[in-house]
Amino acid sequence: MSSKVYFADIHLKNIGENLRSKVKKLFLEAGFSECFVNNDPVALKIHFGESGSDAFVNPVYVREIVDMVRDRGGKPFLTDSNTLYLGSRGNAIDHIRTAIEHGFNYSVVNAPVIIADGLRGEDSIIVHIGKKHFSKVKISGVIAKSPSMFVISHAKGHEVAGFGGALKNLAMGCASPMGKRDQHSVKPYVLKEKCIGCGNCVSACPKSAITVESSQMNIDKTECIGCFECMTICREKAIDVDWESGIPDFTERMIEYAYGAVSGKENNIGYFNFLIRITPDCDCVPWSDAPIVPDIGVLASRDPVAIDAASLDLINAQTGLNGSRLIKNLEPGGDKFKGIRELTDSWRQIQYAEEIGLGSSNYELITI
Ligand code: SF4
Ligand code: SF4
């Protein structure tokens, strides 16, 4: 059976319409009013963006979702979990400050920000899932306790996952730092012939696991938490992981966490994917590079697998943008995220999510 995915095109078709009004229309068409009942706390799971990035979902669109929830009796709040690495979102104080600096303040979004896992990530709840890699997962307390949720995701690339959409937002975004650590157990290594000893990776490492001596970088594997921050920052491509043995398991662990994040409220979640400013890197890095394809629009669905499958199909159907980090597969139909990072496999997320019962990759695209 196919899942419905609703699509609002970025292009103006009728005078008077705009993307804000289309977000509201998507909410209604996708039946999102049925995701919560009167007086329910409704978590709007968002990524506020690392300080320095600016391609995260625009708060003015989030305001539309907040108002739709509030007008129908729900109690909306914006939330995200603290990060595993230091950065600007590693504890609730810095995290809320970053959110406010990025426009997620009450006067814009009309809802409070509540960090999902407490001051330093200590509010974590065990959710039993009984899957291949994990029998139980550690989900941020506020998210686990919220009876309903909207998962609002910016579609973009990721260093090892390939694509970041709804599934990744559920998996990494809803896990407490300990849960994030469980998912990231792949340790990178240095390609000595490529390393120029610039030291950029040293300051990026949250665990001080990197040293540079005699123009060569070394990783202390006992300290490394596998966060991939060093890989993202190295412009020489001198840091790599074992793609054959490490990454398929990483992807499966991630998807099992997504399963844990929705557990108990499967019928009370709505997903929005914003296919706007589709950047090569995740919003966790302190920059936003040029987009790899033109803006496409916004999707809404009750199925996280269907919405990510539809997002990938729409992105891959575009002609890649010259001058962006996309160096291959620019033609319509080419796998854009492999065009940036050849060894990634975005579709593996979709396959495994379908395998463990998170949703269906078979979708019907309904343009509103
Ligand atoms: S950022 Fe890359 S090139 Fe620079 S020291 Fe680290 S591994 Fe070597
Ligand atoms: S060495 Fe790299 S992957 Fe390991 S903790 Fe440091 S930045 Fe993260």
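Derivation of every value follows stated rules applied to the coordinates shown; laboratory data play no part. Since this is a predicted model, take the numbers as computed values, not measurements. Cβ sites come from the backbone with ideal geometry, for glycine too, and all protein chains shown count toward neighbours.
Structure notes:
- Hull-based mean projected area of the stretch 189-240, where the convex hull spans the alpha carbons, in square nanometres: 3.0
- Taking the longest Cα principal axis of the chain as reference, the axis of helix 92-101 is set at about 70 degrees.
- Across the stretch 25-158, the relative contact order, built from alpha-carbon pairs under 8 Å that are at least six residues apart, equals 30 percent.
- Full-extension gain in nm, H11 to E342, via 0.36 nm per residue minus C-alpha separation: 116.1 nm
- Percent of Cα pairs in the chain per distance bin of 10 Å, from zero to the largest separation: 5, 25, 36, 24, 7, 1, 0.
- Rounded to the nearest 20 debye, dipole of the stretch 263-350 from Cβ charges on Lys, Arg, Asp, Glu: 60
- Distance in nm between pseudo-label sites at I93 and T319 (7 Å out along the Cβ direction from Cα): 5.2
- For A8, neighbours were defined as the other residues whose beta-carbon sits under 11 Å from its Cβ, and their charges (Lys and Arg +1, Asp and Glu -1) total +2.
- Nearest 10 degrees, 0 to 90: helix 59-71 Cα axis against the chain principal axis: 40
- For the residue pairs K168/K265; K194/K328; K13/K168; K207/K265, alpha carbon separations beyond 24 Å are given by K13/K168; K207/K265.
- Inter-part distance where the stretch 1-49 and the stretch 242-259 are each reduced to a Cα centre, Å: 30
- Cα centroid separation, the stretch 317-368 to the stretch 80-135 (Å): 27
- Dipole magnitude of the chain, debye to nearest 20 (Cβ charges: Lys/Arg +1, Asp/Glu -1, about Cα centre): 480
- Each 5 Å bin from 0 upward holds the following percent of the Cα-Cα pairs of the stretch 115-179: 4, 17, 22, 24, 20, 13, 0.
- Under-5 Å amide H pairs with G157, H placed in peptide plane, nonlocal only: G164, T279, D281
- Using θ = phi - 60° in the Karplus curve 6.51 cos²θ - 1.76 cosθ + 1.60, the 3J(HN,Hα) couplings for the stretch 353-368 round to 4, 5, 4, 8, x, 7, x, 10, 7, 8, 10, 10, 8, 10, 7, 8 Hz; x is entered for Gly and Pro.
- For the chain, the relative contact order comes to 23 percent (Cα pairs under 8 Å, sequence separation of at least 6).
- Rounded to the nearest 20 debye, dipole of the stretch 189-240 from Cβ charges on Lys, Arg, Asp, Glu: 100
- Amide N proximity, the stretch 99-138 versus R20 label position 7 Å along Cα-to-Cβ, cut-off under 19 Å: 102-112
- The angle between the Cα long axis of helix 247-262 and the longest principal axis of the Cα atoms of the chain comes to about 30 degrees, rounded to the nearest 10.
- Distant-in-sequence amide contacts of E364, defined by a placed amide H-H separation under 5 Å and a gap of 5 or more residues or a different chain, comprise S3, K4, V5.
- The stretch 189-240 - percent relative contact order, Cα under 8 Å, separation 6 or more: 45
- The residues neighbouring A309, those whose beta-carbon lies less than 13 Å from its own, together hold a net charge of -3 under the Lys/Arg +1, Asp/Glu -1 convention.
- Neighbourhood net charge (13 Å Cβ-Cβ; Lys/Arg +1, Asp/Glu -1) for Q351: -4
- Per-residue Karplus couplings for the stretch 277-292, computed as 6.51 cos²θ - 1.76 cosθ + 1.60 with θ equal to phi - 60°, are listed in order as 6, 7, 8, x, 10, 5, 6, 6, 8, x, 7, 9, 6, 4, x, 8 Hz, Gly and Pro entered as x.
- Note on K136/Q351: beta-carbon distance plugged into 1/(1 + (r/R0)^6) with R0 of 30 Å gives a FRET efficiency of 0.80.
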